[in-house]
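Undergrad: Sharing a structure with you now.
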Amino acid sequence: MIFNKSIGLDIGLTKIKAVSLSKQNNAFVLNNFSIMPSPPKGMLSEALTDGEVMAQTLKKTVDSMKIDSKNVNIALSDSQVYTKVIEMPVLSDKELSLAIYWEAERHIPVALSTVSLVWSVLKRPVSSSTDEKMQVLMVGAPIKLIDKYQKVLEMAGLNLNSIETETLAIVRALVIPSLPPTIIVSMGAISTSLAIIRDGILVLSYSIPVGGNAISRSIEADFGLTSSQSEEYKKTYGFSKEGAGQKISKSTEPILASILLEIRKALAFYSQKYKNDSIIQQILLSGGSARLSGIDLYFAENLSIETVIANPWRILGGKPLPPEILNSTSDFTIALGLAMKGL
């Protein structure tokens, strides 16, 4: 058995991924990993029986790794929570703990009594005498949603060690000190999250309700395919401009165009906010849909910005990876980021 603090558990709509890491000589070591299909209704269902099925699947996923730990770090989809990077005058921690609720009233469109509010200081100027403001990340998660995850994990015999947003896990996995100004585009099944990184710090984060499933549905409708067939077509042709891929790309392009529009908005925000800084130099694509053929070229050509598929496994320093991982490197970004927490 392998002893470890916590397991990174990414409970996705279509797949569940678990990763266990440890550190040796200040370097990350992969203990084990597991990936399994999510139950059909997943965490979207409110039925007790579906919760029990999910709990059984989570237990099976974690047990398969043979890790002597039941402690898990999980992430909530950014589309399910309220996330905002705000600027405030330089405050002490005590002052911030009082002032943050006034900011929350402004930015969270539901009663604060229904959410669990957490915050962290991203950047605090050394001196309060300057005009520079401190940057604070504020996250409000529905209490009912947190309770739901806790109950399912309890049924699975697992202990909730920590909970955060998917974007925070992604940033932990991908951001290194030398990273230039970058926008991370994480394409999930039902939503896409955008995160701008400046000087290694998150300065913008938001989610749009468009993801890989929308691409599949578009192909399904245009070609009269079943859902499983459209998924295969999507994986096979992606956004290819050659052969049969040209027809598939016509179904795919409107979905990608909506994501492209949101990226343009985020870039415009950055350019306006940080006029004297260097421009965004890189787009990092993450998530299962990031691996679709030609999708990196689509964004690179339309935005004239270098676009690359993120490889979170670089944290292992080039050590050999199992074949199951090599074919889906960007799929594990969230699970890896969760597993890194606290190490």
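Undergrad: Could you tell me how many of the residues in segment 1-45 are open to solvent by 40 Å² or more (accessible area, probe 1.4 Å) and without any contact (Cβ under 8 Å) to a residue 40 or more places away in the chain?
TA: 8
Undergrad: In addition: Does residue 285 fit the bill of being over 19 Å from residue 83 (Cβ atoms) and either among the aromatic types (Phe, Trp, Tyr) or buried (at least 20 other Cβ atoms within 10 Å of the Cβ) (or both)?
TA: yes
Undergrad: In addition: If I go through segment 224-238 residue by residue, how many of them are in a helix (DSSP H, G or I), touching a residue at least 24 places away in the same chain (Cβ under 8 Å) and open to solvent by less than 30 Å² (accessible area, probe 1.4 Å)?
TA: Residues that pass the stated criteria total 1.
Undergrad: What residue, of 255, 315, 263, 283, is closer than 21 Å to residue 193 by Cβ and outside any helix (DSSP H, G or I)? If you could, list the steps in order and put the result at the bottom.
TA: On the way: 255 fails: outside any helix (DSSP H, G or I); 315 fails: outside any helix (DSSP H, G or I); 263 fails: outside any helix (DSSP H, G or I).
The unique qualifying residue is 283.
Undergrad: Identify, from the list 241, 275, the residue that is open to solvent by 70 Å² or more (accessible area, probe 1.4 Å), free of Cβ contacts under 8 Å to residues at least 12 places away in the same chain and among the basic types (Lys, Arg).
TA: After applying the criteria, what remains is 275.
Undergrad: I would also like to ask the following. Just name the residue that is least open to solvent (accessible area, probe 1.4 Å) out of those in segment 302-320 that are in contact with a helix residue (DSSP H, G or I) (Cβ under 6 Å, 6 or more places away or on another chain) and aliphatic (A, V, I, L, M).
TA: Per the criteria, the residue is 310.
Undergrad: A further question follows. Report every pair of residues separated by at least 6 positions or lying on different chains whose Cβ atoms are under 6 Å apart, first residue within segment 64-87 and of a type in the set (S, T, N, Q), second open to solvent by less than 60 Å² (accessible area, probe 1.4 Å) and part of a loop (DSSP other than H, G, I, E, B).
TA: 69/4; 71/6; 73/6; 79/191
The values are calculated or read from the model by the stated rules, or taken from the named source; none is laboratory data. The model shown is predicted, which means the values in this text are computed figures rather than measured ones. Cβ sites come from the backbone with ideal geometry, for glycine too, and all protein chains shown count toward neighbours. These area figures cover heavy atoms from the full protein model, side chains too; ligands, DNA and RNA do not enter into them. Shrake-Rupley method; radii C 1.70, N 1.55, O 1.52, S 1.80 Å.
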